[in-house]
Amino acid sequence: MCGIVGYVGPNVPSSRPQGVAMDGLRRLEYRGYDSAGIAVHTGDEIVVRKRAGKLQNLVDAIEADPVPDGVASIGHTRWATHGGPTDVNAHPHVAGDGALAVIHNGIIENFAPLRRELVEDGVEFLSETDTEVVAHLLARAYDGDITAAMLEVVGRLEGAFTLLAQHRDQPGVVVGARRSSPLVVGLGDGENFLGSDVSAFISGTKRAMELSEDQVVTITPTSVDVVGFDGTPATGRTYEVDWDAAAAVKDGFPTFMDKEIHDQPAAVRDTLLGRRDEQGHLVLNELRIDEAVLRQVDKVIIIACGTASYAGHVAKYAIEHWCRIPCEVELASEFRYRDPIVTERTLVVAISQSGETMDTLMAVRHAREQGSKVLAIVNTFGSTIAREADAVLYTHAGPEIAVASTKAFLAQITGCYLLGLYLSQLRGYKYDDEVAGYLEELAAMPDKISTVLDEQQERVRELARSLKDEDSVLFLGRHVGFPVALEGALKLKEIAYIHAEGFAAGELKHGPIALVDEGTPVFIIVPTPRRPVLHQKVISNIQEVRARGARAIVVAEEGDTEVEQFAEFVIRVPRTPTLMMPLVTTVPLQIFASEVAAARGLDVDQPRNLAKSVTVE
Ligand code: F6R
């Protein structure tokens, strides 16, 4: 939510500061696209350009009114919180007669009293944002040292924030501060970078440095200095980013979402890599929780939001089946407000692609305060949730740029399954050979996902085009097919803006069946016929909706001929063990949503009102 980039380069003015800021914003635009802006320090002054709307509006504005060469820059792409998406509310915000520019991600919760104080002091505000308060506070505190001003000001701020600032009198310096909001340092050669995530500067450097909570960082072309909010010197862990700029391009696909749908076989395969020792035993290296503690676990609570929470719902079936431990799944945004029963024997599993989702982060903190261990299943290396959890199991899906999550979902399910199998092996519920058998089944999934992509894609896209003008689409599933139905509906809602609902198929007759009308498209996720009781129940559900005029679109295993007589349209997936089915049945639903959105002329990667990485509660 809001993308931030900062750059300081050699002392000789060039076009690079502007280039780095604009390239960073292009890569970060998925984090928010209500407005975009940059400030370039020319060496003498700070030049700001900002525009409401997509980044292209800023590009056009700069073309009409070019920015001079410079030595440093900051850039911001916004997801609006305080104040609508207008030019004036766009960042950077300036103060001190243009001497100081600041950009911000997060929310300053005490901005109202601070603003009152500043107004009483005679300050005139231009925007409705909470950020402008910080700009004026910094300008007031500035006494020749922007780092000192930042340290003074952060002490007065409540809420979550990443801030970057530069001052006219210090051309080669950008200062950043972070509290509960992401900020990473990019370490260059004679130049340094700051970014909301490494994609902000990946084309400049792959060497990155993590920052911790409540730290201020000052970058110059040749130095990176970190201090705590209390002024204590600190250092951050440095690491090499294991993907490059090429991983964050569309690679010939029309959208990032399409590319990421096609990345899924690799995402699952990479998440499984290196998980077995020489004897073939499952090992999870990033698991830093004592085995004795894990043996004592008497309850698992999965916390996550949106798509990640549906991965948790899928995992519940596997974890309870394999480990015989009760497993609850809870929306992270609800968790800490209901006084959850968590003890030292509870294992809380936080699932997050970005590792920065504020609701999930707050739930993680709450769980740890209650004394339980938290294991994070996270895709983004070095992210806040990964750092604050007691243990982390990284999914290796690579950067996910499209706002709608696809490959991260399949990688999350895979990561959860690895955890479930590990726990069952550790606790003696499954013998090593049984665990090995499940791992082999998982290892076969990338090829099966490829089969769905190769054989079903064109048919599903055609179906999508024929249904693009529908008002409402329903999705039904049982057992692990239920969270798949929820995910199918979420994808369609968020990128195609079509009313869609996912239901447990058995629940339909308790109310939602009233939504079914003549011609209503209903997707039904059918379990394998090798689970006859479950299969039969879903066949009955198909008949129930058909009897009310629904168009039944069925996702079924190859060889399941029984479904044909009840379906208008059958999407085939390869023969797959029940628990692994979500890894293949989700794929056609993602393709369907992406094609419906494209056919409706919508922006598939950047749907309205949304942003990737939701860093506000
Ligand atoms: C939907 C989607 C969101 C995220 C949710 C959690 O396509 O992307 O529902 O799954 O915001 O995000 P992470 O996984 O980053 O915590």
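Any read-out appearing in this document is the output of simple, stated calculations on the displayed coordinates, not a laboratory observation. As the structure is a prediction and not an experimental result, all values here were calculated from the model. All Cβ positions, even for glycine, are placed from backbone atoms using ideal geometry, and neighbour counts span all protein chains on display.
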- [ ] Rank-order 40-53, 365-378 by packing density, defined as the average count of other C-beta atoms within 10 Å over each peptide's residues, highest first.
- [x] 365-378, 40-53
- [ ] In debye, nearest 20, what is the charge dipole magnitude of the chain about its Cα centre with +1 on Lys and Arg Cβ and -1 on Asp and Glu Cβ, if you could check?
- [x] 1300 debye
Open item on the list: Between helix 131-141 and the chain, what is the angle of the helix's C-alpha long axis to the longest principal axis, kept within 0 to 90° and rounded to the nearest 10?
Closed with: 30 degrees
Task: the range 1-23-the range 168-186 distance, computed between alpha-carbon centres (Å) - done: 12 Å
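Give a quick list of GluC sites (Glu not before Pro) in the range 52-145 that DSSP marks as loop, anything other than H, G, I, E or B, with at most 16 other Cβ atoms within 10 Å. Could the numbers behind the result be given before it?
Numbers: sites: Glu63, Glu109, Glu117, Glu120, Glu124, Glu128, Glu132; in loops: Glu109, Glu124, Glu128.
Hits after loop and neighbour filter: Glu109, Glu124, Glu128.
How large is the Kirkwood hydrodynamic radius of the chain, counting all unique pairs of alpha carbons, in Å?
Details: mean 1/r = 0.0395 Å⁻¹.
When all Cα pairs of the chain are included, the Kirkwood radius is 25.3 Å.
Going by average Cβ neighbours within 10 Å, how do the peptides 82-95, 546-559, 431-444, 385-398 rank, with the highest at the top? Could the numbers behind the result be given before it?
Values: 82-95: 20.5, 546-559: 19.0, 431-444: 15.4, 385-398: 22.5.
Packing proxy ranking, top to bottom: 385-398, 82-95, 546-559, 431-444.
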- [ ] Of the options Val227, Ile202, Gly176, report the single residue whose Cα projects farthest towards the positive end of the charge dipole of the range 123-278 (beta-carbon charges: Lys, Arg +1; Asp, Glu -1).
- [x] Ile202
Task: Helix 445-466 vs. the chain, principal-axis angle (Cα, 0 to 90°, nearest 10) - done: 90 degrees
Open item on the list: Let me check against my output: what whole-number percent is the relative contact order of the chain, with C-alpha pairs under 8 Å and at least 6 apart?
Closed with: 12 percent
Task: Average Cα contact separation per residue, the range 456-599, under 8 Å, 6 or more apart, as relative contact order % - done: 30 percent
Task: Between 0 and 90°, nearest 10: helix 16-28 axis offset from the chain longest Cα axis - done: 30 degrees
Open item on the list: Residue by residue through the range 434-442, what is 3J(HN,Hα) from phi via Karplus (6.51 cos²θ - 1.76 cosθ + 1.60, θ = phi - 60°)? Round to whole Hz and write x for glycine and proline.
Closed with: 5, 4, 4, x, 5, 5, 5, 4, 5
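Could you compute the net charge surrounding Leu151? Neighbours are other residues with a C-beta less than 10 Å from the C-beta of Leu151; K and R count +1, D and E count -1.
Numbers: positive: none; negative: Asp145, Glu152, Asp230.
Charge balance in the 10 Å sphere: -3.
If you filter the range 265-364 for trypsin sites (Lys or Arg not before Pro), then keep DSSP loop positions with at most 16 other Cβ within 10 Å, what is left?
Arg288, Arg324, Arg338, Arg345
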Task: Distance between the range 118-166 and the range 484-522 - C-alpha centres, whole angstrom - done: 47 Å
Open item on the list: Using the Cα centre of the chain as origin and beta-carbon charges of +1 (Lys, Arg) and -1 (Asp, Glu), tell me which of Val348, Ala556, Leu273 is placed farthest towards the positive end of the dipole.
Closed with: Ala556
- [ ] Can you tell me which of 142-155, 404-417 comes out highest on packing, and rank the rest after it, using the mean Cβ neighbours within 10 Å?
- [x] 404-417, 142-155
TODO: Find the centroid of the Cα atoms in the range 56-99 and in the range 190-246, then give the distance between the two in whole Å.
DONE: 23 Å
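Relative contact order for the range 514-617: what is it in percent, counting Cα pairs under 8 Å that are at least 6 residues apart? Provide the component values of the computation, followed by the final result.
Details: 119 pairs, mean separation 23.0, N = 104.
Here the relative contact order equals 22 percent.
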